[in-house]
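The values are calculated or read from the model by the stated rules, or taken from the named source; none is laboratory data. Just so you know, these numbers come straight off a predicted model, no measurement behind them. Quick reminder, even Gly has a Cβ in these numbers, built from the backbone with ideal geometry, and neighbours come from all protein chains shown.
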Amino acid sequence: MRATFVASEVGNGLRRNLTMTLAVIITVAVSLGLFGASLLVRAQVSTMKDFWYDKVEVSIFLCSKGSDTPSCAGGAVTAAQRDQIKSDLESLRPLVQEIYYESKAEAYERFKEQFRDSPIVDNVTEKALPESFRVKLADPTQYDVVASAFEGRPGIEQVNDQRKVLDKFFQILGGLQLIALLIAILMLIVTVLLIVNTMRVAAFSRRRETSIMRLVGASNFYIQLPFLLEAALAAALGAILAIGALALMKTVIVDGLLAPSFQFTAFVGWDAVLAIAPVMLITGIGLAGLAAFFTLRKYLRV
Amino acid sequence: MILFDHVTKVYPSQQRPALDDVSLEIEKGEFVFLVGPSGSGKSTMLRLVLREERPTKGQVWVLGKDLNRLSNWKIPTLRRQIGTVFQDFRLLPNKTVAENVAFALEVIGKPKSHINKVVPEVLEVVGLEGKEGRRPDELSGGEQQRVAIARAFVNRPMILIADEPTGNLDPATSVGIMKLLDRINRLGTTVVMSTHDSQIVDQMRRRVIELEGGHVVRDQSRGVYGYAQ
Ligand SMILES: Nc1ncnc2c1ncn2[C@@H]1O[C@H](COP(=O)(O)OP(=O)(O)O)[C@@H](O)[C@H]1O
Ligand SMILES: [Mg+2]
């Protein structure tokens, strides 16, 4: 194996096919960029899931005086009922991780805090807000266990799961994520087709060299290696551009725009970018290598 | 060295066989002319020796190997022992004389030091000393064919195959090429050459195999072209 000779062949090949090489680099960059972005969005969604599902609670609202649900027919919740509910909740450990009782006074405080700047506060009195148990579950998906145990029980007006709201939200996000991934995969397929075509053109434009190589007994490996390296090199350049774009996205869009404006949620960190970058590089080089390998097997046989 | 054992070759999409039940043997060190009209199967025979084509029936043995049973990855090894020269020279136009010859060694992974030593040697054998730095378009047809012969011979192959090497050259130039092939033969390489040129065959007085419509119609040592008619 003569490394300098192979290197000069690769250089010649890339230069001779400069426009095609540029086309490959750009397509690889765009498709891998999309692919990386969709992976980043995926990481973002999972970060948000972790963040939010960690915060969701099941709220068990207790009956107040004027509640009109059937289970509140007996009037406001009694102290005995309240104690019973609390001890029943305790018996559900370890599924139930934390139990927190919120009195009417505390509910009112929280309400005032939440709607600090709104005139609505003046119209709401402490009496109008229900007392409640706030329950945090070890596994939020096990909500039904709690709901079935407490829903409709005397003294309980309503059992509320915040997860249901989040589920809707994440379903929509999941859909968007899937669309992004599908577009990325489509682009990757386009990239593979372009590389296949580029290799075909390259093999054709160098058929003189390759036919002489075959004639003098060069091995298949030696004949194909410059083409393979060219494809891999173009793909690697494209992948590096795409990774750069992804880092830029993270800096400008996530850290620069989103994070300061939406402080209530968590955003992906650099660890996610670091994990995605090698995936992009390997995907790019791998796809290009495979596309080139199978094309060359067909067009450059001994 | 080369053995054809009841070889028939029918190209796909063709009815008539290009070679029809051909059997013959070529010994080490021989100089063999392959003559016959256009389309008689000369190039097909040479391509079978190079394993560029496979026989439809029968066996081709080259350098002790049954080519039907030679696996694909061993084909390069076979071809390294066979030099090839064609009517159209097949040189790389953007490489110099020396680079064209060196290319054949580079692509089979020979070290630079070896290449630097043998390329000037072989260029001297073919009579191209002083023209190492020229490009093919700065050479005459005869000189271009000499470059091709140098490239075919630089590895000191056991067999040299020449498919109408003088087909594009004038008679005077052809004589020079024949002298060169004769010299290479005397250095120990078996030479198989197809040609149309009766003058050359008559002058050289070597073994002649004549093909017609895929059949061997004559095989005689020290032949004269067209004797059979
Ligand atoms: N690649 C091919 N595909 C189909 N037919 C071919 C091919 N090469 C040669 N032939 C046919 O085989 C016959 C012998 O051709 P060839 O060996 O080239 O003869 P020659 O070299 O003596 O002119 C001809 O009839 C030719 O048309
Ligand atoms: Mg021919």
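Counting the residues of the stretch B:34-53 that are more than 13 Å from ligand 2 (Cβ to nearest atom), touching a helix residue (DSSP H, G or I) at 6+ places or on another chain (Cβ under 7 Å) and away from every other protein chain (no Cβ under 11 Å) gives 0.
Out of B:Ser23, B:Ser71, report the one residue that is hydroxyl-bearing (Ser, Thr, Tyr), away from chain A (no Cβ under 14 Å) and more than 11 Å from ligand 1 (Cβ to nearest atom). Let's see the steps before the verdict.
Working: B:Ser71 fails: away from chain A (no Cβ under 14 Å).
Going through B:Ser23, B:Ser71 in turn, just one is hydroxyl-bearing (Ser, Thr, Tyr), away from chain A (no Cβ under 14 Å) and more than 11 Å from ligand 1 (Cβ to nearest atom): B:Ser23.
Residue-wise test of (1) among the small types (Gly, Ala, Ser); (2) at positive phi; (3) surrounded by fewer than 21 Cβ atoms within 10 Å (Cβ to Cβ); (4) away from ligand 2 (no atom under 16 Å from the Cβ).
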{"residue": "B:Val154", "(1), (2), (3), (4)": "no, no, no, yes"}
{"residue": "B:Thr166", "(1), (2), (3), (4)": "no, no, no, no"}
{"residue": "B:Ala172", "(1), (2), (3), (4)": "yes, no, yes, yes"}
{"residue": "B:Val175", "(1), (2), (3), (4)": "no, no, yes, yes"}
{"residue": "B:Leu181", "(1), (2), (3), (4)": "no, no, no, yes"}
{"residue": "B:Gln203", "(1), (2), (3), (4)": "no, no, yes, yes"}
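Please determine whether any residue of the stretch A:39-62 is within 30 Å of A:Ala218 (Cβ to Cβ) and buried (at least 18 other Cβ atoms within 10 Å of the Cβ). The answer is no, given that none of the residues of the stretch A:39-62 is within 30 Å of A:Ala218 (Cβ to Cβ) and buried (at least 18 other Cβ atoms within 10 Å of the Cβ).
Confirm whether B:Leu91 is more than 8 Å from chain A (Cβ to nearest Cβ) and in contact with a Pro (Cβ under 6 Å, 6 or more places away or on another chain). Taking the combined requirement at face value, the residue satisfies it.
From the list A:Pro154, A:Pro130, pick out the single residue that is in a loop (DSSP other than H, G, I, E, B) and modelled with pLDDT of 80 or more. Please lay out each step first, then the result.
Values: A:Pro154 fails: modelled with pLDDT of 80 or more.
None of the others qualify; the one that does is A:Pro130.
Condition check for A:Arg110 on (1) in contact (Cβ under 8 Å) with a residue 12 or more places away in the chain; (2) under 23 Å from A:Thr125 (Cβ atoms); (3) of a type outside the set (Val, Ile, Thr); (4) in a helix (DSSP H, G or I): one failure, at (1). For B:Gly29, state whether it is surrounded by fewer than 19 Cβ atoms within 10 Å (Cβ to Cβ), away from every other protein chain (no Cβ under 14 Å), within 16 Å of ligand 1 (Cβ to nearest atom) and not in a strand (DSSP E or B). Taking the combined requirement at face value, the residue does not satisfy it.
Within the stretch B:7-20, residues that are assigned to a loop (DSSP other than H, G, I, E, B) reach partners that are of a type in the set (D, E, K, R) and within 15 Å of ligand 2 (Cβ to nearest atom) with beta carbons closer than 6 Å, at six or more positions or on different chains, in the pairs B:Ala18/B:Lys9.
Here is the figure for the stretch B:99-121: residues that are within 13 Å of another protein chain (Cβ to nearest Cβ) and in contact (Cβ under 8 Å) with a residue 24 or more places away in the chain total 6. Among the residues of the stretch B:47-67, just one is in contact (Cβ under 8 Å) with a residue 24 or more places away in the chain and within 8 Å of ligand 1 (Cβ to nearest atom), namely B:Glu53.
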